[in-house]
1. Could you list, in sequence order, all residues of the range A:301-347 that are in contact with a Gly (Cβ under 7 Å, 6 or more places away or on another chain), surrounded by 14 or more Cβ atoms within 10 Å (Cβ to Cβ) and part of a loop (DSSP other than H, G, I, E, B)?
2. Please work out if A:Ile100 is on the phi < 0 side of the Ramachandran plot, surrounded by 21 or more Cβ atoms within 10 Å (Cβ to Cβ) and not assigned by TED's automatic domain parsing to the domain that holds A:Arg570.
3. Kindly establish whether A:Leu573 is within 13 Å of RNA strand B (Cβ to nearest atom), among the hydrophobic types (A, V, I, L, M, F, W, C) and in a helix (DSSP H, G or I).
4. Select, from A:Asp544, A:Asp491, A:Asp555, A:Asp501, the only residue that is of a type in the set (Asp, Glu), surrounded by fewer than 18 Cβ atoms within 10 Å (Cβ to Cβ) and within 20 Å of A:Gly443 (Cβ to Cβ).
5. Between A:Arg482, A:Arg457, which is within 27 Å of A:Gly423 (Cβ to Cβ), near RNA strand B (Cβ under 10 Å from one of its atoms) and either surrounded by fewer than 19 Cβ atoms within 10 Å (Cβ to Cβ) or not polar (S, T, N, Q) (or both)?
6. Checking A:Ile155 against (1) surrounded by 22 or more Cβ atoms within 10 Å (Cβ to Cβ); (2) under 30 Å from A:Ala337 (Cβ atoms); (3) among the aliphatic types (A, V, I, L, M), which test does it fail?
7. Go through the range A:319-355 and report how many residues are closer than 14 Å to A:Val118 by Cα and basic (Lys, Arg).
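The values are calculated or read from the model by the stated rules, or taken from the named source; none is laboratory data. Quick caveat, the model's predicted, so the values are computed rather than measured. Ideal geometry is used to build each Cβ from the backbone, glycine not excepted, and the neighbour counts take in all protein chains shown.
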Amino acid sequence: MNIQESIIQGIQLAFQNSYNHDLPLDQIVLAPTRKEFQGTYTFVVFPFLKISQANPDTTAKQIGEYLKENVAVVADFNVVKGFLNLVLNEKVWLDLFSQIYSNPDLGQLPANGQKVMVEYSSPNTNKPLHLGHLRNNFLGFSVAEILSANGYEVIKANLVNDRGIHICKSMVAYQHFGNGETPESSGLKGDHLAGKYYVLFDQEYKKQIKELVSAGQTEEEAKKNAPIILEAQDMLRKWEANDEAVVSLWKQMNAWVYAGFEATYTKMGVSFDKYYYESDTYLLGKDIVEEGLAKGVFFKKENGSVWVDLTSEGLDEKLVRRGDGTSVYITQDLGTADLKYKDFQIDKSVYVVGNEQDYHFEVLFKIMRKLGRSYGDGLYHLSYGMVDLPTGKMKSREGTVVDADDLMQEMVETAEHHTKELGKIEGFTEEQASELYEILGMGALKYFLLKVDPKKRMLFNPKESIEFQGYTGPFVQYSHARIAAILRKADQIGVAYQNPDFSGISELAESETALIFLLSNFEKKISLAAEELSPAVIAQYLFDLAKEYNRFYADLPIFHEKDLAVQAFRVALSALTAKTIKKGMSLLGILVPERM
RNA sequence: GGUCCUGUAGCUCAACCGGAUAGAGCAACUGCCUUCUAAGCAGUAGGUUUCAGGUUCGAGUCCUGACAGGAUCACCA
């Protein structure tokens, strides 16, 4: 039985004993004691005054007395204004520590037999990835790791939007202005090359609109009639008709883009188990429309269009098939949801997609539930906020984006600059040094994007570069490197910290118990992060842990400690902290260095 | 206009789902490297939690209504 459970049970007994009242266990809640008071757990007695028929202080004291006498783990208590603060005895801390320390599966919960798919990244193939995609990719990868640590079998999926009017725009512009340029001939990454022509398309399009307007057309007419947009639309029709020349150009440009994406994904440190392509899935879902009609979930209007009526659930009517029988966006998403299930028999499915599609997913999930899908209740939209610049929203067509490749490169360079300035790479080979810059630069970037609650939109100011001090990735990484140095020395001088005997330790410092307490919360935080689909929970926890460790490090001697049992304990405590940091950071997709 | 999200220190963010005197980091200021990594530690200062009501022992958190910002509401994707 763990500590909390035994205290809660003790409180239940206290109520029986003192007030002859049966209090259900789930009504007894312990909170961590605030730092300024003595104790570890706090029991708030206000809700129970009707039961005790006494004032808060008296009630708290009565329960405290009972616990102190009858519950082994409770050493002492104090009462402050109706808050019962419980102090645990020293042996509990050491036992708790030993228990975690000897667990070979630190941070890994047992398999729960459930399969979950995490779909993330999902790029368009007409342009390179930008800052917003970084948030998406880091979130998706991290959430997949977190779910895996919670015992799920996880399938990471990437649904590539490789078809449609947007890629046709790049293709048309390439035909006009490309002059046979290739990534090889120009030295441009394939995704950047496609993006270049997407921008060129837009410039030409705007130019043509202007011309038509000055020739007397309205803005609206001009937008419809500009020759280049007509060309793009024509190309899309040809693509759908499987026109050989168009398909061949499409394949070539997409191949370039994929090579570029691959390089970016490698640098990001993300990966996928399954790729879906919209060119394969965009016709799916038509059978589901028929199924929905047969089941009465959908209905048909006079012109033949098919709709779902969600007004009873506070939403609107939503089109699922056009009057001419063709699909709309949501049609293929219905089909793809089924496809994912057919492929993997998943229990849950997480879609990492920006919050501009909140409504779309609400509708999609409601439909799947109405259709009675077994996985309907396991559908989640991990909706995240946009990353804004001080100048406002990023617009790829207008070139006001922070490019993902550029930003990652800058971060690594900044890390190099910082490290050299601090003179911390003595004895490093060149490879080791550049590996370190990579770890630190990417760590800073990932941590920066993941420490914020996903659903909040966030501001990125390129002028104020991402920090390396304080609440940052490098701070946590630094704490790890610091401990690694301790462990190297411990190995060197032969401290027995692997299977230590702590029986001789009679007293623990406050910073030691605080550290053990934090370490004991790791699994709870992993569960919470999974429940909320929020890597920010882990990021926050790791900062607290690293902070607490640094306090311990500054407060207490390790190798200068004369009592060898205490020394071994402190080394072991350091080792467990390092292990927890390493595992926790891996859940964020961040590596930690041995030296920095 | 309807719906959804957000609003907390100068800035970026927390607050364990209703608990104590609302906490961190950055920026500012003050200490600490002839003991294990100072990318660190300790401290000072900084708040009417956008506003107005309500619910109760107790509200940043729940309810109502304003205000501000964002997203969305296409036979677009």
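1. Residues satisfying the conditions are A:Ser305, A:Asp347.
2. no
3. Details: within 13 Å of RNA strand B (Cβ to nearest atom): yes; among the hydrophobic types (A, V, I, L, M, F, W, C): yes; in a helix (DSSP H, G or I): yes.
Against the criterion (within 13 Å of RNA strand B (Cβ to nearest atom), among the hydrophobic types (A, V, I, L, M, F, W, C) and in a helix (DSSP H, G or I)), A:Leu573 qualifies.
4. When all the criteria are applied, what remains is A:Asp544.
5. Going through A:Arg482, A:Arg457 in turn, just one is within 27 Å of A:Gly423 (Cβ to Cβ), near RNA strand B (Cβ under 10 Å from one of its atoms) and either surrounded by fewer than 19 Cβ atoms within 10 Å (Cβ to Cβ) or not polar (S, T, N, Q) (or both): A:Arg482.
6. Going through the list (1) surrounded by 22 or more Cβ atoms within 10 Å (Cβ to Cβ); (2) under 30 Å from A:Ala337 (Cβ atoms); (3) among the aliphatic types (A, V, I, L, M), A:Ile155 breaks only (1).
7. Matching residues across the range A:319-355 total 2.
Each row is one residue, and each column tells you yes or no for (1) at pLDDT below 95; (2) surrounded by fewer than 18 Cβ atoms within 10 Å (Cβ to Cβ).
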| position | (1), (2) |
| --- | --- |
| A:Met171 | no, no |
| A:Ser185 | no, yes |
| A:Lys207 | yes, yes |
| A:Ala222 | yes, no |
| A:Leu230 | yes, yes |
